[in-house]
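*Asks:* Below: one structure in structure tokens.
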Protein chains: 2
Amino acid sequence: MHKKLFIPGPVDVAEDVLSKMATPMIGHRTKDASKLQRSISDKLRQLMYTKNEILLSTSSGSGLMEGAIRSCTRKKAAVFSVGAFGNRWYDMAVANNVSADLFKSDMGEPTTPEMVDEVLATGNYDLVTITHNETSTGIMNPVGAIAEVIKKYPDVVFCLDAVSSLAGSKINVDALGVDICIASTQKALGLPPGLAVCSISEKAIEAAKNVKHRGFYLDLLALYNYIQKKDYQYPSTPSLSHMFALDYQLDKILEEGLDERFNRHIQMAEVVRAWAKKNFDLFCDTSYSSNTLTTIKNTRGISVADLNKKLAEKGYMISNGYGDLKEKTFRIAHMADTTVEQIKELLNIIDEMLELK
Amino acid sequence: MHKKLFIPGPVDVAEDVLSKMATPMIGHRTKDASKLQRSISDKLRQLMYTKNEILLSTSSGSGLMEGAIRSCTRKKAAVFSVGAFGNRWYDMAVANNVSADLFKSDMGEPTTPEMVDEVLATGNYDLVTITHNETSTGIMNPVGAIAEVIKKYPDVVFCLDAVSSLAGSKINVDALGVDICIASTQKALGLPPGLAVCSISEKAIEAAKNVKHRGFYLDLLALYNYIQKKDYQYPSTPSLSHMFALDYQLDKILEEGLDERFNRHIQMAEVVRAWAKKNFDLFCDTSYSSNTLTTIKNTRGISVADLNKKLAEKGYMISNGYGDLKEKTFRIAHMADTTVEQIKELLNIIDEMLELK
């Protein structure tokens, strides 16, 4: 039995979108391939509110995160972390011999503009990584206020992990001054995993020109140069299946209307937060909690594993806490094409199972 | 109109296989995901004639090629090249600050066992890369004889680019002593692009343990360690769609029978070679020409671009020569699920168009 997924990726994919994954193959060096890849880039620019170039990578979001920190750190990277995926960015720097320092917030607390200001004021850093939405804890960082601080440091390349928020929460890349904004397809974009996307600014491109060993497959400058020269075609054969589906899904997203889509995510988040407050507690303060997933403190000491087993029997799936937060918390994702009604349906079923009503 | 693809990837994908790309999503941290990924690994071991571990990477074949040369070169890599994809391996080393030397054969000539012996006898190298089947020229290197030479050097990690040959030509990984055998899905495996696979030996794993900066996303040791610990699950969210399709297609490949499948590829190659010799000429000697694609010397000085345009109108597509070989050669791929009858049909149509009969 297929389970309805309320996990923070992979998400359920609408049937018509899924069917585009089965589009017959075309040559990747054809005009049709150029047209497809150009079309995706144009639509992603709308979704990201940017005039910057778009890069597509046949990899998970981690691939482009590694590409960004490795390709564009000339001196040293300041990595701000509010959980597992923030830490991952630091691990990537270390694994690539890229100089970096890690600045972790206390568990459940956001990255603050003050922290970022203090660190960048040292003048030691020329790249900063911020997690917009931390999938492991459900924190959505105050990216607007953080962005204002980063703007004071014009030499710093601003990398944003929007893997689990893009298309679920408004990210105005150009207004925020984000140089590299990264997402992957299996979260709020509502597609299967296997493709990552990012926007890239002129500043980031110039930075990469001053880095000698950027690698090959994840070298953002090489991708950028290639698509300029070859009309949006990529150096290696890309996942055309994902591209067919993404192009189609972006039409659907733009048809829904971006504001409408972001509002639907807020509404879903509010429903889950109200339920969590009534029956459990929220893991993090609502002033910085995510619009795409909610982490719930397991104040009742239920067995999350058992709950998920029971949910599975009914055809639903939520997520246990991530890493050390397993059983201490659980996570309900409300992203992509999920509706408020579906969220309410899920919560009603949990109510019945836990006899909360 | 969909064009029947006789290009060396992406290949046409059978309808039933394509439909598996539209399988509804599952969680990538579930027992079902482990089972799927273990099943693929077991079947790939049969296809590769190996007891070694299998790694899956959501990337093109280039991703795993880079991962191999970067993760396992401790001292210096000897890169043997018979075309664009051999050269690419050298570019990957340079881009990663991995010490490497490039040994190119004359255009249209194979890598010889003697060349390899001479180079490895210097004792300067601890990793060697060989192209099994060069997509840009249609050369299939004499891997058996080369493997015998490499066996004389037990400290050397043997990496084989089988991107455009695996599942189209027999590669007995364990008998050849290949440490890392790499392929991607969009060639003879008969799937859409977007996933790469490799086998990896204990020797390669041990080598990687002595390399400090292996990167993150393409670090073969990290992938290996993770799947051991997490029951065949991967560190980053993988392309589950490709995995559903690959698992299904491997069943079909094993059902056809490996010997039958390889023989069908030889038959197709013989038909194309005979046609080429009659009407044009072969780019490389039949003693080392590929079983999965044939490069034809354009001795008649036809316009390959025009021919492909006319073929497109009838719903077919072949490949022009690669890079500098454009118009001087053209390429017909005969791989994956293509039949001898389909190859004959294509050649008949070309005969009519060029008035060769």
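Read-outs: derived from the displayed coordinates by stated rules, not from any lab. This one's a predicted model, so the numbers in the text were calculated from it and none came from an experiment. Cβ sites come from the backbone with ideal geometry, for glycine too, and all protein chains shown count toward neighbours.
*Asks:* Grab the DSSP H runs of chain B that are 4 residues or longer, score each as -39,500 (n - 2.57), total them, divide by all residues and round the 222 nm result to the nearest 500 deg cm²/dmol.
*Replies:* Rounded to the nearest 500, the figure is -13000 deg cm²/dmol.
*Asks:* Moving to a separate point now. What distance in nm separates the simple spin-label points at B:K152 and A:D351, each placed 7 Å from Cα in the Cβ direction?
*Replies:* For B:K152 paired with A:D351, the spin-label model returns 7.8 nm.
*Asks:* Non-local amide H neighbours of A:K104 (under 5 Å, H modeled in plane, Pro and chain starts lacking H): which ones?
*Replies:* Residues meeting the amide H criterion: A:S81.
*Asks:* So who's got an amide H within less than 5 Å of the one on B:Y153, skipping anything under 5 residues away but keeping other chains? H placed 1.01 Å off N, in plane.
*Replies:* Amide H to amide H, under 5 Å and 5 or more residues apart or across chains, B:Y153 pairs with nothing.
*Asks:* If you don't mind, there's one more thing I want to ask. Using the Cα centre of the stretch B:23-255 as origin and beta-carbon charges of +1 (Lys, Arg) and -1 (Asp, Glu), tell me which of B:P154, B:S201, B:A188 is placed farthest towards the positive end of the dipole.
*Replies:* Checking the options against the dipole of the stretch B:23-255, the answer is B:S201.
*Asks:* Right, next: How far is A:K104 from itself in the other copies, in nm, if each label sits 7 Å out from Cα along the Cα-Cβ line, shortest first?
*Replies:* Taking the point 7 Å beyond Cα along Cα→Cβ, the inter-copy spacings are 5.0 nm.
*Asks:* So how compact is the stretch B:115-254: Cα radius of gyration and Dmax in angstrom?
*Replies:* 16.0, 46
*Asks:* Another one. Could you let me know the centre-to-centre spacing of the stretch A:312-357 and the stretch B:137-189, using Cα atoms, in angstrom?
*Replies:* Centre-to-centre distance over Cα atoms comes out at 48 Å.
*Asks:* Could you sort A:165-171, B:65-71 so that the peptide with the highest average Cβ count within 10 Å comes first and the rest follow in order?
*Replies:* My ranking of the peptides, most packed first, is B:65-71, A:165-171.
*Asks:* Taking Cα atoms, how many degrees apart are the long axis of helix A:31-48 and the longest axis of chain A, rounded to 10 and kept between 0 and 90?
*Replies:* 60
*Asks:* A follow-up question, please. Considering the dipole of the stretch B:1-134 built from charges on the beta carbon (Lys and Arg +1, Asp and Glu -1) around the Cα centre, which of B:A14, B:F103, B:Y125 is farthest to its positive end?
*Replies:* B:A14
*Asks:* Also, quick follow-up: Quick check: the angle from helix B:84-95's long axis to the longest principal axis of chain B, C-alpha only, nearest 10 degrees?
*Replies:* It works out to around 30 degrees.
*Asks:* On to the next question. For the stretch B:286-306 and the stretch A:1-67, compute the distance between their C-alpha centroids and round to whole Å.
*Replies:* Between the Cα centres of the stretch B:286-306 and the stretch A:1-67 lies a distance of 35 Å.
*Asks:* Once you put a point 7 Å from the Cα of A:I302 and another 7 Å from the Cα of B:K51, both along the Cβ direction, what distance in nm separates them?
*Replies:* Inter-label distance under the simple model: 4.9 nm.
*Asks:* Would you tell me the mean number of C-beta atoms belonging to other protein chains that fall within 10 Å of each C-beta in A:188-200, as a whole number?
*Replies:* Average per residue, whole number: 3.
*Asks:* A further question on this structure: How shielded is B:5-16 by partner chains, expressed as the average number of their Cβ atoms within 10 Å of its Cβ atoms?
*Replies:* What the average comes to for B:5-16 is 3.
*Asks:* Over all distinct alpha-carbon pairs, what is the Kirkwood Rh of chain B in angstrom?
*Replies:* 20.7
*Asks:* Residue-wise, which Karplus ³J(HN,Hα) couplings in Hz belong to the stretch A:340-350, taking 6.51 cos²θ - 1.76 cosθ + 1.60, θ = phi - 60°, and x for glycine or proline?
*Replies:* 4, 5, 5, 5, 4, 4, 4, 5, 4, 5, 5
*Asks:* Once you charge only the Cβ atoms, +1 for Lys and Arg and -1 for Asp and Glu, what is the size of the charge dipole of chain B about its Cα centre, to the nearest 20 debye?
*Replies:* With only Lys, Arg, Asp and Glu charged at Cβ, the dipole is about 700 debye.
*Asks:* So if I place +1 on the C-beta of Lys and Arg and -1 on the C-beta of Asp and Glu, and nothing else carries charge, what would the dipole magnitude of the stretch B:66-115 be about its Cα centre? I want it in debye, nearest 20.
*Replies:* Computed charge dipole of the stretch B:66-115: roughly 320 debye.
*Asks:* Quick one: 3J(HN,Hα) in Hz for the stretch A:59-64, Karplus 6.51/-1.76/1.60 with θ = phi - 60°, rounded, Gly and Pro as x.
*Replies:* Listing the rounded values in order: 5, 7, x, 4, x, 6 Hz.
*Asks:* Considering only A:V211, A:V11, A:V178, give the residue with the highest GNM mean-square fluctuation for chain A, with springs between Cα atoms whenever their separation is below 10 Å.
*Replies:* A:V211
*Asks:* Apply the Karplus curve 6.51 cos²θ - 1.76 cosθ + 1.60, θ = phi - 60°, to the phi angles in the stretch A:238-247 and return the couplings in whole Hz, x for Gly and Pro.
*Replies:* x, 7, 4, 4, 4, 5, 4, 6, 5, 4
*Asks:* Additional query: Of the residues A:S41, A:S184, A:S236, which exhibits the maximal mean-square fluctuation in a Gaussian network model of chain A defined by a 10 Å Cα contact cut-off?
*Replies:* Answer for the Gaussian network model of chain A: A:S236.
*Asks:* What's the angle, to the nearest 10 degrees (0 to 90), between helix A:258-279's Cα axis and the longest principal axis of chain A?
*Replies:* 40
*Asks:* If you count, for every residue in B:96-105, the Cβ atoms of partner chains within 10 Å of its Cβ, what is the mean?
*Replies:* Across the residues of B:96-105, the mean count of other-chain Cβ atoms within 10 Å is 1.
*Asks:* About the Cα centre of the stretch B:189-272, what is the dipole size in debye to 20, counting +1 per Lys and Arg Cβ and -1 per Asp and Glu Cβ, all else neutral?
*Replies:* 560
*Asks:* Only Cα pairs within less than 10 Å get springs; with that Gaussian network setup on chain B, which residue of B:C284, B:C72, B:C159 has the largest fluctuation?
*Replies:* Highest fluctuation of the listed residues: B:C284.
*Asks:* Applying a 10 Å radius around every beta-carbon, put A:196-208, A:337-349, B:90-102 in order of their mean neighbour count, most first.
*Replies:* Put in order of decreasing packing, that is A:196-208, B:90-102, A:337-349.
*Asks:* List the residues whose amide H sits under 5 Å from the amide H of A:L282, counting only those 5 or more places along or on another chain, with H placed 1.01 Å from N in the peptide plane.
*Replies:* Residues meeting the amide H criterion: A:K297.
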